Each structure stands twice: as structure tokens, then as C-alpha cells.
Amino acid sequence: DSVDYLVTGSWGDKAFKEAKKYCNPKVIWSGKSENYVRVPSFDGLELNPNAKYLHICANETIYGVEFKDYPVPRNPNGVLVADMSSNFCSKPVDVTKFGLIYAGAQKNVGPSGVCIVIVRKDLLGNAQEITPVMLDYKIHADNNSLYNTPPCYGIYMCGLVFEDLLKQGGLEEVEKKNQKKAGILYNAIDESKGFYRCPVEKSVRSLMNVPFTLEKSELEAEFLKEAEKEKMVQLKGHRSVGGMRASIYNAMPLAGVEKLVAFMKDFQAKHA
């Protein structure tokens, strides 16, 4: 079967390569040549009218690109499929736009090892013969997700997180908090007069992962070293892009982002 892939970063690219084992995927657009800094206009996409599904990665952790709206498959019977591992439960999502959403829990929901799938019921029962039982969603649906012994403790932890998200006021309130955190950090970058730079187009900047570089790249090692002294760790960018990356998932409090911004301004004052 023909399927379409819209590739806005490394995880979308990995998904496309994996799909080659099962179907006939085509990359209808890739941001690789531009080093993944944007999401294309949906109007100009050459969608396959026969594609069974259109796949996106809703948020690319490495490059910091996030879909703010979602494309619609050209095939009236086709479905939109999304990997939402890194922005699941960071904001409200209209699940009716999708045929299938899958997400690793480890960013915003719980420990790694738990995978969450939201699938339209009419899509169940169409697995290929070569599909492993553990990836046949009908098996899981028929058995209330208890076909095998599930990762009980991990799921229990997810339940506690869901309760906390509801206590906070649900995903609408969570999104507001995430927008505030990201806004403070992006403003600090944009107002640094070029000392710090974020390459991602403003309209699709991720609320979860904020990549940035220093104008003087030779200062990056010093930045990371000084930040670590202040108990701010894991700020080194992915090896494929370099620079810095601040991951500000739901669990990162506003105070943590404010501390980073204060440090960035102080560092700039010393080295500008």
C-alpha cells in the first residue's frame, strides 16, 4: 500500500525508514536540506490521492519543530497518523482529526516503557499477516490492554500524573503554563541581539524543546560548564545539531525556566 510521510525532523525520518518494511512509503516533504527549521504550507503538499495514511511527528525533540495545526490526507478514506511521544498531554488535541496517535509516555506522562495508543475503532482488525501480535491493536483492544502482563508500575505512575494534570485544571491550563515557560525562554533568545539564536521558524517553535546556539560557538563549552555549576544539566544540544537545547516538558517548573533565563542574561553580560 502507498502511504505518505511528512518529515520535519529525525523521528519522522526514522518512522519513514521503518515503514519501508511494511508498505510503500513516500516522503512528500522533508525539511532535511534546511536542517529541519520549519513545517511546510499544507496547501502546497503533493499528497498521494491513494495513500492509506499520512504520517507526521507532532513534535521533533532534536530540532524543536512542532505542528501547531494538522494536515488532512488527500485520500478521503486515508487517515492521519501521528507520533506524539514528546508533546502528548502538553496541550489539548482534537483526536477526531486522527486515525491513530501513538506516544511513548516518557516525556510528559510517566516512565519509559509505557506506550499509549489512541486508535479509531473502525481501523482495528486490519493488521497484515506479518504484523507481530504485540503490534496488532485489535488484540489489545479485545483484551482490555491485558493480553500480556503490562508494565503495571509504569501505568500506575501514569495514572498519578493524569490525576495531577486534572488537578491543575486539565490540558487547557497545562498549555497556558507551557506557553508561558516557552515564551520567556524564546523572548530571552530573541532579545539577546544575536548573542543567542534559535533557528526554528517562530510559527512552529516547540513548546517542549528549545534549541539555540551562541553567536560565538567557542563559548558553548563554557556555557554548559557554568550552567552545570548552577545545577542546570543536560543542556547540550543533540550531537547531530550541536549548540544547546532546553527541554521544558510539563514537569519543568516555571522557576526552572526563569533560572535558566537569568543565567543566560548573566552569561551574555560577561561575554558579549
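The values are calculated or read from the model by the stated rules, or taken from the named source; none is laboratory data. What you see is a predicted model, and the numbers here were worked out from it, not measured in a lab. Neighbour counts are summed over all protein chains in view; Cβ atoms, including those assigned to glycine, are modelled from backbone coordinates with ideal geometry. For the accessible areas, the whole protein counts, side chains as well, though only heavy atoms, and no ligand, DNA or RNA atoms are used. Shrake-Rupley method; radii C 1.70, N 1.55, O 1.52, S 1.80 Å.
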- Query: Based on the alpha-carbon gyration tensor of the stretch 1-150 and its eigenvalue square roots a ≥ b ≥ c, which shape applies: rounded if a/c is under 1.5, prolate if not and a/b is larger than b/c, or oblate?
  - Reply: oblate
- Message: Give me the percent relative contact order of the chain, please, defined on Cα pairs under 8 angstrom at least 6 residues apart.
- Response: 15 percent
- Item | Which label in (1) 21.6, 70; (2) 32.9, 109; (3) 20.0, 63 gives the computed Rg and Dmax of the Cα atoms in Å | (3)
- Task: Only loop residues by DSSP count here, and only those with at most 15 other Cβ atoms within 10 Å; note down the GluC sites (Glu not before Pro) in the stretch 23-66 that meet that.
- Result: E46
- Item | HN-Hα J in Hz across the stretch 212-226 - Karplus 6.51, -1.76, 1.60, θ = phi - 60°, x for Gly and Pro | 7, 10, 9, 4, 9, 4, 5, 8, 4, 4, 5, 4, 5, 5, 5
- How much accessible surface area, in Å² rounded to 10, belongs to the heavy atoms of M134 with a 1.4 Å probe? 90 Å²
- Which pairs, out of K97/K180; K17/K202; K32/K167; K181/K270; K180/K225; K17/K231, put more than 32 Å between their alpha-carbon atoms? K32/K167; K17/K231
- Query: Of all DSSP beta bridges located in the stretch 53-105, what percent are antiparallel, nearest 5?
  - Reply: 20 percent
- Would you kindly find the accessible area of Y147, with a 1.4 Å probe and non-protein molecules such as ligands, DNA and RNA excluded, rounding to the nearest 10 Å²? 120 Å²
- Counting other Cβ atoms within 10 Å of each Cβ, which GluC sites (Glu not before Pro) in the stretch 118-177 have at most 13 and sit in a DSSP loop? E129
- Note on the structure: Heavy-atom accessible area with a 1.4 angstrom probe orders Y36, Y153, Y53, most exposed first, as Y153, Y53, Y36
- Message: At a threshold of 8 angstrom on Cα-Cα distance, excluding pairs fewer than six apart, so keeping six or more, what relative contact order does the stretch 1-106 reach in percent?
- Response: 25 percent
- Rounded to the nearest 5, what % of the DSSP beta bridges within the stretch 72-155 are antiparallel ones? 60 percent
- Item | Protein accessible area in the chain, 1.4 Å probe - carbon and sulfur % | 52 percent
- Task: Considering only DSSP beta bridges where both residues belong to the chain, give the percentage that are antiparallel (nearest 5).
- Result: 50 percent
- Can you give the longest stretch of the chain with no exposed loop site, where a site means trypsin sites (Lys or Arg not before Pro) in a DSSP loop (not H, G, I, E or B) with at most 10 other C-beta atoms within 10 Å? 22-192
